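Below: the structure, in structure tokens.
Every number here is computed from the coordinates shown, using simple stated rules; none is lab data. What you are looking at is a predicted structure, and each value in this text was computed from that prediction instead of being measured. As a convention, Cβ positions derive from the backbone with ideal geometry for all residues, glycine included, and neighbour counts pool all protein chains shown.
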Amino acid sequence: MPAVSMVVCLCRERDFLSRLITRAEGCYDDLVVVHDGPDLDGVRSLVEPLGGRFFERPRKFSGDGHYIYGWQQARHDWIFRPDADEYPSPELAGWLRSFRDAPEPDSALSGFELIIPLWSGSAQKTKRWPWRPTLIHRRRIRYIDLCEQWLIPDGRWERVPKILCHEPARKNYGASYLLGLTKRKRWLYATGLGLMRSPIELGCWRWEEADWPRKWEALRRHPLRTALTRLFTSFWGNGREMIQSGEPFKPLLLTHYPLHHWITCMAFRAVKKEWALVQSAGLEPGGMMERGDTPQRVFILDGPDADDQWNFFRRSGKDCWIVSNRRDSRRISELRARVLMRLDDLLIHSPGQAAWAEEFLCRNLACLHEMPPEESSDAAAPSPSETAIKSAESRKRVLIDGVIFQLQRKRPAGIYRVWTSLLREMGKSPLAKDIILLDRAGTAPRIEGIAARPAPAYDLSHSEGDPAMLQEICDREQAGLLISTYYSFAEMTRSMIVLHDMIPELTGQDLNLPEWQVKTEAIKKACGYFSLSSSTIRDFRQLYAAFSGREVFLTPGAVGEEIHPAGSEEVASFRARYGVSKPYFLLVGHRALYKNAELFFRAFGGWRRRKEFEIVCTGGAEKLEKALEKLVPGTPCHVLGLTDAELGAAYSGATALVYTSRYEGFGLPILEAQKCNCPVITCRNSSLEEVAGEAALFVGEDDVAGLQALLDEVMRIDVRQKLIPLGQENARRFSWSASAKRMEKAIEEVLSQARAPGSGETAEGLHEGGTPVSRADGQPLVSAIVSTYNAERFMRGCLEDLEQQTIRKELEIVVVDSASPQNEAAIVKEFQECYGNIVYIRSGERETLYGAWNRGIKAARGKYVTSANTDDRHRADALEVLARTLEENPDATLAYGDSLITRTENDTFECAHPVGRHEWPDFSAHRLLEGCCIGPQPVWRRDVHDEHGYFDEKMVAAGDYEFWLRIARNRKFLHVRQCLGLYLESQAGVERANEAQCIKEAEEARTRYAKDILATAKKDKDLKRNFLRLFWRGE
């Protein structure tokens, strides 16, 4: 019998999904929901209690772009793939249930087509047409992710005359739908950008050909002719299909598909012309940017002709955003007005260039943002070294990143409430004048006494550029410390975070989700932490033992004046407003998973006095979960969204707060209830006992009978007379003013520990322990080999760059002076007096680059080795990222990343003026034969030289390529898809200065190893073919 997975890809369509799940009950065996971007509407809380699996994916501004990922997660080959705003008719639901009980269909069948009627916004306009493949077998179809649902079957489709209702908020056909829907504009532009590339560069499902299918290739070659052809053939083809399906012939409804094809072709034609125009003008086609919900094209202006380019392109009006990287542009004020008006609203989406666009725009928009409009174009910009070598003593400002206010803007409770209360108290202190609150996307509350600065919106699923952006703001504000309200951090400035809880680590959540990966990175980067409870501190030190030596400051939560006891009239008004007629028990917060609300519902459902009481829930899902509702049949359950005043009345009128969570980082509802004279029933675990004190009744997390006994006990007058005064006294132990003073004292302590770089410790030096591994034996983790000859002008910048790496405490720098006539030795000696990790070696005569490398590698002590060219630069965490990659993949020998390209000497990565980017491909030995794709700054294991020897010292320009080919036959290389370095493109470089020699040596290396590599590749290909035959065909 066939098993079916229902895969739904959506973006913020919770209500539609709820309707779909209800109507499709019994139609599937496995539910997979993939959300486009951060889940801000609580879709996860709807899916997981029903046994479904929920996944957040990087933002693509459409659920359609996640089909392939969803199919990969499905547990079964038969996939039912409705959109969130679709649902099966009763007849289709019955057919799907019978399909699951029937024998497995013919293997020549790729799937079933269903009827998807056109919808006018209020009624179905067709009944038997059009058709769409909706129940598919994933091993029998192919698919190219081009923002258009077009499946290529291996076999045939079978039509099932059943209706899959498609009822969105508005109609789903016609010219107004195609031309007026913003989402369609994004699809069309993304489709056009995708067609500029090869299909295998896009997300593909079982499509391995480099050529496009005929349908798309015709469009690519002749978009206008294809548009005209499809305009007519689609009309008559769909008309014939409408009649054959038994649907009355309705010409007006047939205009949708021809118009769709016409618009798609014209969109690609426009993109094709635009790219040619942009490239001919010497610009970078920066892809597409989202401002709010509107797609807008981006062009990058740079160089001496930037002003002329601006005049040429500004007539594009609102459809084109122009970004300049020039600090002396005459149009700077106009650029500011257009580009920076709503910087916090920008979301970037650029197929094929997303990472580059985000990195470039985040860095350069922040750079522009710091320039006041009245700044003179002749004002000298500070040099990178002047910016980098600011003494920590002079940086006293404290930035507080208000990211939590954006993430919880729709439910301002919990952590949102904690930070609002803390900031209000800190606004009254003398420290307030040095505090700046970063307002993410205009979501932070206004705090009296604390200044605010706008900052771009935070995207949990696509946060790679956030540290660089925060570093720009820290540098601009001369901040000595960044405190995050959640898990953000800057690249270099000392950071602190609040350890709210260890819930994901202790409750078995998927730690590979972006939110928890960012948490781990923030913990590694932080120089200290705040915590709301001693329990969380204990859990942190056990779970993150490598960082347990860092200072953790206890700043407990409390209850502010917004929650207060209510009088009898307020309670009566609350009960009347929400129809609560009987005594009630109160539950606050989410109810699923570790919150353990099921314990209360099970106990209440079997309690002898249940008919005398009602249940009031606030927080969590808007509707009571069906699994809980079934446990208390006939009992009125009120799920309410309450204001602070109403919450105080709810506490004051409740028989008791039942808070039986299995784990909490603090447990604020306990204090709120106690302040409002409400008895509390809770569990003895995590921080709950620490917060509740002796002013609560305690029960085991799974003790149903014990909880039933406490429900009886809490109504006894003597028990209530004891608990209520104890609760009031306990609540007074906690105050926001005391916690704010603790935080202020901790901030002063951390700032006072700062040292200037000249004392031998950079700001990043406080991050000791945040390296990929802890090395108690004193052996360096990474040895950087710096070969120098006539490179005095680069040496200081090179050493500064390496000493600012996040793993400086685990870094060894080996400088090999190849008998240089210049004075590099004096610079190295100057740095050796400040830093104890530099080794200097000078050879008696000049040797080749690879001879110097070999000399350095033999002297190196690190577990890993990297070549650090004197004229190249690194991102601050580049070596940490690459070393961590090798630590996490012990079977890999070498890791390499992408790099920006500059033509400006001594540029730093943070302040670079890039002219391009090296986006290296993922590694394969066969691809390496075509050319060196490793990049200029790889990190590799030092012990590989014990087996394969050293670099060929006879070679002048391609010795590294020869060595990579030598070890590629039986070694694994990993590509890290992040921009980690800055490469200087110079005619004086070894490769360009010896171009003919380089070509000759590379060809010699290929000849030497091609036979072995091709033989290995053929063997791997045969193994892969046999595996695919077994997997896909079941042979």
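Put in line by how crowded their Cβ is, counting other Cβ atoms within 10 Å and starting with the fewest, CYS11, CYS798 read CYS11, CYS798. Determine the relative contact order of segment 568-733: mean sequence separation of Cα pairs under 8 Å and six or more apart, normalised by residue count, in whole percent. Reported relative contact order: 23 percent. Taking other Cβ atoms within 10 Å as a rough exposure proxy, THR806, THR485 sort from fewest to most as THR806, THR485. Note on ALA102/ARG977: beta-carbon distance plugged into 1/(1 + (r/R0)^6) with R0 of 41 Å gives a FRET efficiency of 0.40. Note on segment 568-733: Lys pairs 8 or more places apart or on different chains, Cα atoms under 20 Å apart, count 7.
Each of HIS926 and ASP943 was given a label point 7 Å from its Cα along the Cα-to-Cβ line. The distance between the two points is 3.2 nm.
The calculated FRET efficiency for the pair GLU25 and ILE841, based on their C-beta separation and a Förster distance of 56 Å, comes to about 0.15. The label-point distance for SER429 and ARG128, in a model that sets each label 7 Å from Cα toward Cβ, rounds to 7.6 nm.
As a proxy for reagent exposure, ranking THR443, THR536 by other Cβ atoms within 10 Å from fewest up yields THR443, THR536. Among the trypsin sites (Lys or Arg not before Pro) found in segment 929-958, those both in a DSSP coil and sparsely packed, with 15 or fewer other Cβ atoms within 10 Å of their Cβ, are LYS954. Note on segment 410-481 and segment 580-596: Cα centroid distance 33 Å, given to the nearest whole angstrom. As a length-normalised measure over Cα pairs under 8 Å and 6 or more apart, the relative contact order of segment 396-554 settles at 20 percent.
A simple count of charges around ARG424, restricted to other residues whose Cβ falls under 15 Å of its Cβ and scoring Lys, Arg +1 and Asp, Glu -1, yields -2. Potential lengthening of the chain between THR229 and MET196 amounts to 9.8 nm, from the contour at 0.36 nm per residue minus the alpha-carbon distance. Local charge sum around GLU448 (other residues, Cβ-Cβ under 9 Å, Lys/Arg +1, Asp/Glu -1)? Taking every other residue near GLU448 into account, the sum is +3. If you count Lys pairs in segment 396-554 whose Cα atoms are under 23 Å apart, skipping same-chain pairs closer than 8 places in sequence, the total is 5. Placing a pseudo-label 7 Å from each Cα along the Cα-to-Cβ vector at ALA169 and GLN244 gives an inter-label distance of 3.8 nm. Computed from the C-beta positions of GLN73 and LEU543, the FRET efficiency with R₀ = 30 Å rounds to 0.65.
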